[in-house]
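The values are calculated or read from the model by the stated rules, or taken from the named source; none is laboratory data. Given the structure is predicted, the values throughout are model-derived calculations rather than measurements. Note: ideal-geometry Cβ built from the backbone for every residue, glycine included; neighbour counts use all protein chains shown.
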């Protein structure tokens, strides 16, 4: 069966988690010999401040929920834990009783996850409030905002629930490609507009009734098969005021002015993880480990580095003078945001960094697939 498929298609299927039974997946999942990084020269001194432990994540698409000094994490087994980013101390723990496919989204007071049985569960400080059945699986953390819980499901539907009692407020169905990514997509808000990534488009909707207000195409489906035509938006995104910059899977990185639904620029890019940025730049990692920075104003390339080639990288975080990115060997790389040169290299365990790094209470927080949580601070 594997031989009848093009190599590029087999690799894409393995990446999507759609071809676990294909022998060819082993070619891409085995550890390859990585280029030597050389000795670590800590030009930006950073020290490990604390460590904590949660249940393993496996391949669950975790998004770390940050509000102030509180970091909320979800694990594959259905457990949640809130940590104090200052000390790593546990603030509360909870279990929803079923494995998860998406987590965690919240507003600081309430948190929402999606279970493998296609239920959205809302909690308040770890106490379950309600759970409701969904039309399909979901791999994107729910959005909790404005007294509502919004869920983007794999059948390209958006559903809104009342946060108080779980009552369904509206359901918006969208047609699209037959495949969907098993990773977090784009679901966020700008003022009183709900924003969702749907089939290569950033769509603005009325959160009260789900009516589409505008659409901005970031990429168009191309190719001769369903995998090559897949152009879903992937998270995380970078936002500055009304400007949103995002990646479409294996197609492009683009920025949109959400106030006018205008595409500002788009550049070809072959990556599978979201982007980070600041006022001057947007940064992303290609599928081969090349890290690229584009000028946010017009999309022109500022720099690129292949120093981390062949490493499976997370979405980057731009913080201070550095670009922070984790890899599948559990290393956290700090690169100069000016030219991509190395500033430092931090170690965790060897299970791989599970999510894009985040900052909370002046602490860099990274999570590994084995459930290790690490807090780093400038020396």
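Residue under question is residue 80, and the condition is that it be at pLDDT 95 or above, closer than 25 Å to residue 155 by Cβ and either touching a helix residue (DSSP H, G or I) at 6+ places or on another chain (Cβ under 7 Å) or assigned to a strand (DSSP E or B) (or both); does it hold?
no
Of all residues in the stretch 202-218, count the ones that are outside any strand (DSSP E or B) and modelled with pLDDT under 95. Walk me through how you get there before you give the answer.
Within the stretch 202-218, the first condition is being outside any strand (DSSP E or B), and the residues that meet it are 206-211, 218.
Those left that are additionally modelled with pLDDT under 95: 218.
Residues meeting the conditions: 1.
Pull up the stretch 46-70, narrow it to residues that are under 20 Å from residue 113 (Cα atoms) and part of a strand (DSSP E or B), then point me to the one that is modelled with the lowest pLDDT.
Residue satisfying both the conditions and the ranking: 62.
Going through the stretch 258-270 one residue at a time, which ones are over 14 Å from residue 301 (Cβ atoms) and touching a strand residue (DSSP E or B) at 6+ places or on another chain (Cβ under 6 Å)?
258, 261, 263, 264
Here are 23, 112, 74: which of them is out of contact with any strand residue (DSSP E or B) (no Cβ under 7 Å at 6 or more places or on another chain) and either more than 22 Å from residue 354 (Cβ to Cβ) or at pLDDT 95 or above (or both)?
Numbers: 112 fails: out of contact with any strand residue (DSSP E or B) (no Cβ under 7 Å at 6 or more places or on another chain); 74 fails: out of contact with any strand residue (DSSP E or B) (no Cβ under 7 Å at 6 or more places or on another chain).
It is 23.
Checking residue 178 against (1) surrounded by fewer than 16 Cβ atoms within 10 Å (Cβ to Cβ); (2) at pLDDT below 90; (3) under 22 Å from residue 113 (Cα atoms): exactly one of these is not met. Which one?
Residue 178 satisfies all of (1) surrounded by fewer than 16 Cβ atoms within 10 Å (Cβ to Cβ); (2) at pLDDT below 90; (3) under 22 Å from residue 113 (Cα atoms) except (3).
Across the stretch 219-245, what is the total count of residues that are buried (at least 22 other Cβ atoms within 10 Å of the Cβ), closer than 13 Å to residue 199 by Cα and either at pLDDT 90 or above or out of contact with any strand residue (DSSP E or B) (no Cβ under 6 Å at 6 or more places or on another chain) (or both)? Reasoning before the result, please.
Quick first cut of the stretch 219-245, residues buried (at least 22 other Cβ atoms within 10 Å of the Cβ) only: 219, 227, 230-238, 244-245.
Within this subset, residues satisfying the condition of being closer than 13 Å to residue 199 by Cα are 219, 227, 230-234.
Next, only the ones that are either at pLDDT 90 or above or out of contact with any strand residue (DSSP E or B) (no Cβ under 6 Å at 6 or more places or on another chain) (or both) stay: 227, 230, 232-234.
Adding up the residues that qualify gives 5.
Does the stretch 326-337 contain at least one residue that is closer than 30 Å to residue 75 by Cβ, surrounded by fewer than 24 Cβ atoms within 10 Å (Cβ to Cβ), without any contact (Cβ under 8 Å) to a residue 40 or more places away in the chain and under 16 Å from the mean Cα position of the chain (by Cα)?
yes
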